[in-house]
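The values are calculated or read from the model by the stated rules, or taken from the named source; none is laboratory data. In this text the structure is predicted, and so the values were computed from the model without any measurement. Positions of Cβ are backbone-derived with ideal geometry, glycine not excepted, and every protein chain shown enters the neighbour counts. The area values use the complete protein model at the heavy-atom level, side chains included, leaving out ligands, DNA and RNA. Shrake-Rupley method; radii C 1.70, N 1.55, O 1.52, S 1.80 Å.
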Amino acid sequence: TTTTTTTTTTTTTTTTTTPAPTVFRATLLEGTGHASSVAVGGLGVPTLAYVAPESRSVAIMSCSDALCTASGRQVTVLASGPSVRSTATTSLALAHGSQYPIVAVQSNDVRVYACADTACANSSAIDEVVVDASPEATTSSLVPSLLHGADGSATVAYVTTNGTLRVARYVPATTTTTVETVASVTLDGAPSLALDANELPVLLYFDPSGQHLTLHRCTTPGCTSGTNTTTNTTAATLIVVHSVSAGAGSDVSVVVDRVTNLVVATFYDGHAGQLGLLRCHDVACTNRTVEMLEPLEEMSLETGRHNRLRLLAAPSPLSNGTDQVTDSSPPVVAFLELLNVVVMQCEDMGCEHRHEPMSLDAAVAVDLSLALDPRNALPVVTYYDSNAQQLRLARLCHAQGCDNAGAS
């Protein structure tokens, strides 16, 4: 008999006051730039993939500096025309070692593009592979989730037009592709994908039929087998994101601490209008904690939509040197708070101690994507301002300001 312990709490957080970092913003594109996905390489330089619906194209923007100044942006179109629907979606990762972009695109099918240079400029050398050509694999307007394995494989989690969750894995070394249906429930929100310490996929998704979050840990690299854990069956009202609006179940984000192999995830609680934090205390997640982060005085009750989560290596980049980081990898979360794009830095895994959330931009934002600069662990966020119709990038720099060499 397995005993499952789920603890649900509301955390009143203690905030840490540190020198306010500088917020840098840039408008990357006017009138286009949907479904963006950003990654930051070892030199702190952003690369992003996006969709231009009006021209029905998918493109890569490669920046030549940390602040992505206009003179240093190079755009390469990966696909255009009838093969790209206006509702196409993208997910971007950087290859281990080379740091070359790898892009998953869900449009008329699901395919992966592996570039042979940092800007994808050598079009003849791009490895383009259709990983799922079935009729139901066409875009469902829900963003896929892509990760690149240490073995060179590309793993993509996506939702089909009939709402089922699939995982496709492409291994370039053997040119093999596997496609597995992980969940046959009808999903109306995008899944979130992570790789654990053993390079095995971990998925989190919202099941609207059961009104709960489900964590799926695959036991093989291609998810040919795995185990489901219902992460919160007794507190459905805390996680019923489906009641907010169509597709609101996409407001989940999962990561795995590669040291402990434990899952950490964030989600939007549609009833309370708050950001939720899920922590697994064992690999099977039989002991877990679901915490609703109490809004601070300056935060509204509609806090946490479109959340994106990353884990930070200690010490905190926003620390003044006196803060005590109690965990090796505290969370960093980007999310929407009403009409603000906000980033929040926790000092411990339970986020009981955290820095004041910082507003990066006042925008009617969608398609948030979050990456951490590997040099200084400061967040870089891309998003589409649907009101201004602009693709934007925002990043934090240390208090002394942004110098473009190091953005620190």
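Tabulated values for the structure
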| quantity | calculated |
| --- | --- |
| Rotationally averaged projected area of the range 20-62 (alpha carbon convex hull; nm²) | 3.9 |
| Distance between modelled label sites at L339 and A388, nm, 7 Å Cα→Cβ extension | 1.3 |
| Portion, in percent, of the accessible area of the range 83-198 that falls on carbon or sulfur, probe 1.4 Å | 49 |
| Gain in span if fully extended, N376 to T27, counting 0.36 nm per residue against the direct Cα distance | 123.4 nm |
| Extended-chain gain in nm, criterion 0.36 nm per residue less alpha-carbon gap, H96 and V185 | 28.7 nm |
| Per residue accessible area of the range 22-125, 1.4 Å probe, in Å² | 36 |
| Whole-number D in µm² s⁻¹ for the range 106-187, Kirkwood Cα-pair radius fed into Stokes-Einstein, 25 °C, 0.890 mPa s | 185 |
| Residue-normalised accessible area of the range 339-400, expressed per residue, 1.4 Å probe, Å² | 29 |
| J(HN,Hα) series, the range 60-71, from Karplus relation 6.51 cos²θ - 1.76 cosθ + 1.60, nearest Hz, glycine and proline x | 10, 10, 9, 8, 9, 8, 5, 9, 6, 4, 4, 5 |
| Efficiency of FRET between T286 and D151 - r from beta-carbon atoms, R0 35 angstrom, step 0.05 | 0.75 |
| Per-residue ³J(HN,Hα) for the range 330-335, Karplus 6.51 cos²θ - 1.76 cosθ + 1.60, θ = phi - 60°, Hz, x for Gly and Pro | x, x, 10, 10, 10, 6 |
| Cut-off 13 Å (backbone N to label point 7 Å along Cα→Cβ of A197), residues of the range 326-369 | 328-329 |
| Pair E136, V77: separation of 7 Å Cα→Cβ label points (nm) | 3.4 |
| Net lengthening on full extension, A125/D109 (0.36 nm per residue, minus Cα-Cα) | 3.6 nm |
